[in-house]
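Report on the structure given below.
The values are calculated or read from the model by the stated rules, or taken from the named source; none is laboratory data. Everything quoted here is computed from the prediction, not taken from an experiment. Because the Cβ atoms are built from the backbone with ideal geometry, glycine has one as well, and the counts that use them run over all protein chains shown. With ligands, DNA and RNA removed, areas are computed over all heavy atoms of the protein, side chains included. Shrake-Rupley method; radii C 1.70, N 1.55, O 1.52, S 1.80 Å.
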Amino acid sequence: QVQLVESGGGLVQAGASLRLSCAASGRTFSSYAMGWCRQTPGKEREFVAAISRGGLSTYYADSVKGRFTISRDNDKNTVYLQMNSLKPDDTALYYCAANRGPVNRTTSYDYWGQGTQVTVSS
């Protein structure tokens, strides 16, 4: 089992950048594919980005492609989401997630963090 703790959210203006971090417990972090998803009130959780166990493969939602970058440091048990050129539509609660299965572009993950709020003002 793995526990995930997100940090780095906040309130920023449109066009700004933020970097989210997700620290994972345990000694098997490198055995999990990792992802970021987001959710706003009244809407379903949506996929944002994912990264394979070794970090060689990454996937993005069309809405964030070219603006967000997912990365991981297996020595630090941490996955990151660098978010540039933020838009008001990016406002959401961002969740870090871990999957024992293959990396995927869905919201189907085995473990979830509590989320960190990102608010982008216009």
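Could you tell me whether any residue of the stretch 105-114 is among the acidic types (Asp, Glu) and closer than 15 Å to Ala61 by Cα? Scanning the stretch 105-114, I find no residue that is among the acidic types (Asp, Glu) and closer than 15 Å to Ala61 by Cα, so the answer is no. Inspect all residues belonging to the stretch 98-117 and state whether any of them is modelled with pLDDT of 95 or more, among the basic types (Lys, Arg) and either touching a Ser or Thr at 6+ places or on another chain (Cβ under 9 Å) or exposed (fewer than 13 other Cβ atoms within 10 Å of the Cβ) (or both). Checked against the condition, which is being modelled with pLDDT of 95 or more, among the basic types (Lys, Arg) and either touching a Ser or Thr at 6+ places or on another chain (Cβ under 9 Å) or exposed (fewer than 13 other Cβ atoms within 10 Å of the Cβ) (or both), the stretch 98-117 yields no hits at all.
Summed over the stretch 6-22, the residues that are in a strand (DSSP E or B) and more than 11 Å from the chain's Cα centre (by Cα) give a count of 5.
Considered as a group, the residues in the stretch 61-90 that are among the charged types (D, E, K, R) and part of a loop (DSSP other than H, G, I, E, B) include one that is most open to solvent (accessible area, probe 1.4 Å), and that residue is Asp75.
A Cβ distance below 7 Å, combined with a sequence gap of six or more or placement on separate chains, defines the contacts here; from the stretch 3-15, residues that are touching a residue at least 24 places away in the same chain (Cβ under 8 Å) reach residues that are open to solvent by 50 Å² or more (accessible area, probe 1.4 Å) and basic (Lys, Arg) in the pairs Gly8/Arg19; Ala14/Lys87. Kindly check whether there is at least one residue in the stretch 43-54 that is surrounded by 13 or more Cβ atoms within 10 Å (Cβ to Cβ), in contact (Cβ under 8 Å) with a residue 24 or more places away in the chain and more than 14 Å from the chain's Cα centre (by Cα). Yes, the conditions are met somewhere in the stretch 43-54. Here Trp36 fulfils each of the conditions (1) touching a residue at least 40 places away in the same chain (Cβ under 8 Å); (2) in contact with a Phe, Trp or Tyr (Cβ under 7 Å, 6 or more places away or on another chain); (3) farther than 19 Å from Gln117 by Cβ; (4) not in a loop (DSSP other than H, G, I, E, B) apart from (3).
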